[in-house]
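Notes follow once the structure below has been shown.
The values are calculated or read from the model by the stated rules, or taken from the named source; none is laboratory data. Here the structure is a predicted model, which means the values were calculated and not measured. All Cβ positions, glycine included, derive from the backbone under ideal geometry; neighbour counts span all protein chains shown. In case anyone asks, the SASA skips ligands and DNA or RNA and just uses the protein heavy atoms, side chains included. Shrake-Rupley method; radii C 1.70, N 1.55, O 1.52, S 1.80 Å.
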Amino acid sequence: MLLFFALGLLIHFVFFASIFDIYFTSPLVHGMTPQFTPLPPPAKRLVLFVADGLRADTLYELDEDGNSRAPFIRNVIMHEGSWGVSHTRVPTESRPGHVALIAGFYEDVSAVAKGWKENPVEFDSLFNESKYTWSWGSPDILPMFAKGASGDHVYTYSYDAQREDFGAHDATKLDTWVFDKVKDFFDAARNNQSLFTKVNEEKVVFFLHLLGIDTNGHAHRPSSREYKDNIKKVDDGVKEIVSIFKHFYGDDGKTAFIFTSDHGMTDWGSHGAGHPSETLTPFVTWGAGIKFPQNVSAQQYDDEFLKEWRLENWKRRDVNQADIAPLMASLIGVPFPLNSVGILPVGYLNNTGLFKAESMFTNAVQILEQFKVKMTQKKEATLPFLFTPFKLLSDSQQLDILRKARSYIKQEKFDEVVSLCEELIDLALRGLSYYHTYDRLFLGINVAVGFVGWMSYTSLLIIKSHSNIPKGTRKEGKKPHCLLLYSFIATGVLVACFLMIQACPWTYYVYCLLPVPIWYAVLREHEVIQDLVESLLTFPRSHFVAYLLVFTLGIEVLVLSFFYRYMLTAGLIVFAGWPFLTQLWTRAKITFLSWAFFSLLLAVFPLMPVVGRKPNLSLVMGAGFLVLLLSLAVVTTLGKRNIKLVKGELLVLLLQMLSTVLSMYVVYSTHHSLLKKEGLPLMNQIVSWATLASSLVAPLLSSTALSQRLASILLSLMSTYLLLSTGYEALFPLVLSCLMFVWIQVEQETLQQPGVSCKQKLTSIQFTCDTDIAQFRQLCPDDIRRAFFLILLIFPVFLRPFGYKRIRILLAQENYHRSLKAAWEL
């Protein structure tokens, strides 16, 4: 049994790991040739301001008095440069946003395994292509671009990580530090000839990462005075830095400025998902090579933002976040980042038609290079008769489009060049996606075959051990013929040879060979399969069809719940009414009424907002008090039944209740401490860590009796869960636990039906390992219902508050980042 359990864990681990090989592989390719515009660039240097966590609407809109929160930036929009909205992609996190801005591609999702802080795959960037880059800001962002750079020309200056305190009184000091260091840098450059020479070179980048807005947004939310005041501080700082550049370089008109953000932020102070408040960020650019403001009477955008921002008369040009990288490369004349998938927004360029055409042509060739390398790699790793090329962009089509574009440039048909290159880029990007997902169907089929085989095998073993199948009257069958074994061995050898010829990664061998022994084990149980089919054929056809329809409907509800949470509500409502469709409810009306009550109560949670609400400390405290009352009720009930608790077991229960009280205190104390901007108290951190550690051990020290052990598990769960709660979600595990305990009572009632034996009193059930397997009852059709009920109860757990995303948002909101980091990782 233990061997079978270990084998199951291993197989499920393989299936889980396959997700990353199928969906989460790096999109990057290497081996391309750098491409740059063969014309003099308009700018010698570029200054990039990134206000981390800044929303587009908060920057562009006017305040209650009709004044701009960023008067300098607004003046730039109206009199000096061009503006628009930069559209980011999920995940809206700092690292992926900066990678899109500076490297021009959307983050390799495998970086999540390293906390978005290290480069799982080396990539090219604007900084790497520049002559020199100086950067100031967060230690979480700057090192990743310096690490990936070739040579020693990317310089980083970052503050200590301890400064990034979400509970700090004044997070604007992070931005002030950056502005002060930039001013000190140029003061030093005037007195240092070597540094002075470097900063006066061409193709130079200055990067200012401003984290204060993001920090204030997490701590106080974007609607707070702190967040909006920080925007004013940043605006003043940008104005001062621009003045320093003009003074240092003698206002030579060779500096291009870009002001943008890596991501936005929701009203409740989080980011990472795809809400418009997270994906819409400001983009303002001015200086050398940038178009001046353009007054218009009509805009191409249908949203209401322009009127709200009172910018409807100034031409708005939206971009995708990755498009900013080729724009910056074009402005200072460096090669486009090799891995960039951004499309040059020529509408921002204030230059000749020839320059725009050549820049767009360079952009198209750079992306086409990636397509060709990706196609070559896939072609070399696939047998010729199995390789299916991307038909929309053949070699001849590539040459035709490139020749036509060159011909248009010679004929000075620059607009046609831009359109033609945009068409080529679109095809190349679609081709890149095609080859990146080339093996997805092949791997998906193999994993699916293996998973179906494993489910079939485990089902057959359960049926064989806990039913009358195979029938006792059947004669002892002969062992499977050696031909079956040899056939599967031959199949395995053929699969291995096929993978070896194509030089596939070792993980492909695991996914493709695993189904072979699994299905061999399935077919060895041919007698069980044969008897099972015979039993199903004797089942009344009308009943069989009815059960199949109900089963299919139930599965559809579970699938749809991934997309529409209210489907769980519908399922739980049916869940609540199930006993009333049978005669069971007449036996124990209180039990089944409790079942209906808790089911309907649980059905409310999928309808509640996952995020986007204000903290409600009263609900968290109320959940804590309910848990304490429930614990007292358990102790009282045990006393009435004359069930004596061992002294040690009673002590464990009392300590768990004390832990719940301490958790309530920590939530209350932390909430008020953060409101006063006093940070996270040290004592709260100690209590939180102790609560987490004790919650893992305490249930093991409690009584092994069913009711006492379940009560202990609930107390341990709630003491930690309360620390992660800010509102109604604190009630969720309590309601779920009550429902599941009632479910135990309900199932005990169902076992009293005629023909079903082995009813065991709940008081005699123990959490021990010496259960006699021979005493297990036989399977019955009702077990299918029980399995479905279990899955239906599991789904709300993953789709409701205690999910990964939910915990991250709570940590960001309440600054439990330090004290509960271990709970988050767990």
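Dipole size of the chain about its Cα centre, with +1 on Lys/Arg Cβ and -1 on Asp/Glu Cβ: approximately 2180 debye, rounded to the nearest 20. Could you work out how far the C-alpha centroid of segment 664-712 sits from that of segment 501-568, in angstrom? Segment 664-712 and segment 501-568 have Cα centres spaced 42 Å from each other. Annotation: the antiparallel percentage among DSSP beta bridges lying fully within the chain is about 35. In a reduced charge model with +1 at each Lys and Arg Cβ and -1 at each Asp and Glu Cβ, segment 440-538 shows a dipole moment near 100 debye about its Cα centre. Against the chain, whose longest principal axis comes from its Cα atoms, helix 440-465 is set at around 10 degrees.
Going 7 Å from the Cα of residue 244 in the Cα-to-Cβ direction, what parts of segment 167-203 have a backbone nitrogen less than 12 Å from that spot? Residues 176-190 qualify, since their backbone N sits under 12 Å from the label point. Pairs of Cα atoms nearer than 8 Å and 6+ residues apart set the relative contact order; for the chain it is 15 percent.
For segment 440-538, with all protein chains in place and a probe radius of 1.4 Å, 71% of the accessible heavy-atom surface sits on carbon or sulfur. Distance between the 7 Å Cα→Cβ label points at residue 13 and residue 64: 5.9 nm. Between residue 593 and residue 562, full extension at 0.36 nm per residue minus the direct alpha carbon distance yields a gain of 8.3 nm.
Counted residue by residue at 0.36 nm each, then reduced by the alpha carbon distance between them, the extension gain from residue 236 to residue 442 reaches 68.6 nm. Round to the nearest 10 and report in Å² the accessible area of residue 426, as given by a 1.4 Å probe over the protein chains' heavy atoms. Solvent-accessible area, nearest 10 Å²: 80 Å².
Loop sites by DSSP among the GluC sites (Glu not before Pro) of the chain, restricted to those with at most 14 other Cβ atoms within 10 angstrom, leave 477-677 as the longest stretch without any of them.
The alpha carbon convex hull volume per residue for the chain rounds to 208 Å³.
Computed with every protein chain present, the accessible area of residue 314 is close to 50 Å² [probe 1.4 Å]. Between residue 57 and residue 616, the FRET efficiency estimated from the beta carbon spacing at R0 = 25 angstrom works out to 0.45. Legend: calculated FRET efficiency, residue 433 to residue 252, from the Cβ-Cβ distance at R0 = 41 Å, rounded to 0.05, equals 0.45. Reducing segment 369-436 and segment 189-226 to their Cα centroids gives an inter-centroid distance of 38 Å. May I ask for the distance between the Cα centers of segment 244-264 and segment 301-323, given as a whole number of Å? First find each Cα centre; the distance between them is then 22 Å.
Solvent-accessible surface of the chain, taken per residue with a 1.4 Å probe and all protein chains present: 49 Å². Farthest toward the positive end of the dipole of the chain, out of 726, 212, 711, is the Cα of 711, where the dipole comes from beta carbon charges about the Cα centre.
Under the simplified labelling scheme, the residue 581-residue 690 pair shows an inter-label distance of 5.1 nm, with each label point 7 Å from Cα along Cα→Cβ.
With a sphere of radius 14 Å drawn around the Cβ of residue 258, what net charge do the other residues whose Cβ falls strictly inside it have (Lys, Arg +1; Asp, Glu -1)? Combined, the nearby Lys, Arg, Asp and Glu give 0. Its DSSP H runs of at least 4 residues, each contributing -39,500 (n - 2.57), put the calculated 222 nm mean residue ellipticity of the chain at -18500 deg cm²/dmol, to the nearest 500.
The listed residues 625, 539 rank as 625, 539 when sorted by accessible area, largest first, using a 1.4 Å probe.
Counting only alpha carbon atoms, the long axis of helix 617-640 and the longest principal axis of the chain meet at about 20°. Using a cut-off of 19 Å between Cα atoms, the listed pairs 131/183; 315/410; 181/233; 173/239; 173/228 include 131/183; 315/410 as exceeding that distance. Subtracting the Cα-Cα distance of residue 201 and residue 299 from their residue separation scaled by 0.36 nm leaves 31.3 nm.
Given R0 = 56 Å, the distance between the Cβ atoms of residue 462 and residue 397 translates into a calculated FRET efficiency of 0.50. Taking a virtual spin label 7 Å from the Cα of residue 292 along the C-beta vector, which residues in segment 299-326 bring their backbone nitrogen under 20 Å of it? Counting backbone N atoms under 20 Å from the label point, the list is 312-317.
Lysine pair count for segment 443-597 (Cα-Cα distance under 21 Å; residues 8 or more apart in sequence or on different chains): 4.
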